[in-house]
1. Among what's in the range 40-57 and is under 22 Å from the mean Cα position of the chain (by Cα) and outside any loop (DSSP other than H, G, I, E, B), pick the residue that is modelled with the lowest pLDDT.
2. Answer yes or no as to whether residue 123 is surrounded by fewer than 19 Cβ atoms within 10 Å (Cβ to Cβ), at pLDDT 95 or above, more than 20 Å from the chain's Cα centre (by Cα) and over 30 Å from residue 214 (Cβ atoms).
3. Name the single residue, out of those in the range 173-193 being surrounded by fewer than 20 Cβ atoms within 10 Å (Cβ to Cβ) and not in a loop (DSSP other than H, G, I, E, B), that is modelled with the highest pLDDT.
4. Need pairs with beta-carbon distance below 6 Å; first residue closer than 21 Å to residue 319 by Cβ and within the range 209-226, second assigned to a strand (DSSP E or B) and at pLDDT below 90; sequence gap 6+ or separate chains.
5. Is it the case that residue 132 is surrounded by 17 or more Cβ atoms within 10 Å (Cβ to Cβ), at pLDDT 95 or above and under 16 Å from residue 326 (Cα atoms)?
6. Can you pull out every residue in the range 205-227 that is under 20 Å from residue 175 (Cα atoms) and either modelled with pLDDT under 95 or crowded, with 17+ Cβ neighbours inside 10 Å (or both)?
7. Does the range 144-160 contain at least one residue that is assigned by TED's automatic domain parsing to the domain that holds residue 102, more than 27 Å from residue 111 (Cβ to Cβ), surrounded by fewer than 19 Cβ atoms within 10 Å (Cβ to Cβ) and modelled with pLDDT under 95?
């Protein structure tokens, strides 16, 4: 196959790739210079500044409160999701992570940053996390106060569901970033998430999970390591501006939004990396030259290996998280909670907040 800058004439080779084909479906959009002069043209994609609100979507997980206070141990990452109630103006908050983090390894204690700088610790037991045996996903209800806690929660309408993936033609090459806990430099006694960047490599196909079941998952060209399990992975497209969006004015419901020409959505949750076996190199015997095949030089001690990581990260799609959040036990719990809230509001003569507040 050839790569050409020129547009092929009618009847040219159908397998020829045009340079313009790499435009990723850019569309003309109005942009403005620093002087406010408008112009309309396709705008290149580039990594924008990531606003602090997205970093505040993440919290850290530990085995117990003592380790959470000092930031000890490997633990893992969780992120916050807002599920709407049937009562206007009300949302349910959940922490989302992997089953293997919260239950298998017992990292069930959540640490959340506060505005004062002193983190707040929620001592949950592994059994308090709800898990669905189909997925390496665990969720736990949590009540955060925007006046106290520094956090944001991703609304479920910000999930990249199947119809959004198809409608926006999301596929291999699309940009992603992951926010999570880099255990070697994670902020110590406060949460300081680290961001890693990559691209979609393979669209969802069945992959074996740590719970021993197969599930459709993305393969993402993105490096990870211990501590990032449970991290949110976002897909984005942007004309080069930052990803900052208007947030809810309600301090108790600080939610991430995406809109306009920028596209930002939750692609899924990181749960593993493909491993690789790396052979242990012996002393170099001779140095390869231009006419010597490097593979022919005996540099390897046969049969000795170390376990490495391939740099290909496994991500369960957002629709798997959606399915877990809408599992019968959680759905029934929300229905019962709404019924109790309606009864309370009726007793005190209180009306629900208008939609949108």
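1. Among residues in the range 40-57 that are under 22 Å from the mean Cα position of the chain (by Cα) and outside any loop (DSSP other than H, G, I, E, B), the one modelled with the lowest pLDDT is 52.
2. Numbers: surrounded by fewer than 19 Cβ atoms within 10 Å (Cβ to Cβ): yes; at pLDDT 95 or above: yes; more than 20 Å from the chain's Cα centre (by Cα): yes; over 30 Å from residue 214 (Cβ atoms): yes.
Here the answer is yes, as residue 123 does meet what is asked.
3. Among those residues, the one meeting the criterion is 175.
4. Listed pairs, sorted by first residue: 219/312.
5. no
6. Hits for the range 205-227 are 217, 218, 219, 220, 221, 222, 223, 224, 225.
7. Filtering the range 144-160 for residues assigned by TED's automatic domain parsing to the domain that holds residue 102 gives 144-160.
Next cut, more than 27 Å from residue 111 (Cβ to Cβ) only: 157, 160.
After this cut, where a residue has to be surrounded by fewer than 19 Cβ atoms within 10 Å (Cβ to Cβ) as well, the list is 157.
If we keep only those that are modelled with pLDDT under 95 as well, we get 157.
For the range 144-160, residues assigned by TED's automatic domain parsing to the domain that holds residue 102, more than 27 Å from residue 111 (Cβ to Cβ), surrounded by fewer than 19 Cβ atoms within 10 Å (Cβ to Cβ) and modelled with pLDDT under 95: present.
The values are calculated or read from the model by the stated rules, or taken from the named source; none is laboratory data. Since we're looking at a predicted model, the values are computed, not measured. Note: ideal-geometry Cβ built from the backbone for every residue, glycine included; neighbour counts use all protein chains shown.
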